[in-house]
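Chemist: A single structure is presented below for examination.
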Amino acid sequence: MRVGIILACTECKQRNYNTTKDKKKHTEKFEVKKYCKFCNTHTLHREIK
Ligand SMILES: [Zn+2]
């Protein structure tokens, strides 16, 4: 079962990415390092509702 999530930059709080995750495999909050165009660097992005 895949659910749509939004990934937000933990530095500037901008919502940069829409993606999906497997709810059974990733039960905890999803975190990934991605490029943030607002910070102009790679930052940690976290799932938000
Ligand atoms: Zn940022």
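The values are calculated or read from the model by the stated rules, or taken from the named source; none is laboratory data. Remember, it's a predicted structure, so these values are computed and weren't measured experimentally. Areas reflect the complete protein model, heavy atoms only, side chains present, ligands, DNA and RNA absent. Shrake-Rupley method; radii C 1.70, N 1.55, O 1.52, S 1.80 Å.
Chemist: What Kirkwood Rh does the chain have if only Cα atoms enter the pairwise 1/r average? Answer in Å.
Modeler: Across the chain, the inverse of the average 1/r is 10.9 Å.
Chemist: Next question, about the same structure. Order the following by accessible area, largest value first: K24, K33, K49. Probe radius 1.4 Å; ligands, DNA and RNA are ignored.
Modeler: Descending accessible area places them as K49, K24, K33.
Chemist: Then there is this: What lysines sit close enough to K25 to cross-link, taking a C-alpha to C-alpha distance under 22 Å and skipping anything fewer than 8 places away on the same chain?
Modeler: K33, K34, K49
Chemist: Check cross-link reach from K13 to the aspartates and glutamates: straight Cα distance under 18 Å, and skip same-chain residues fewer than eight apart.
Modeler: E31, E47
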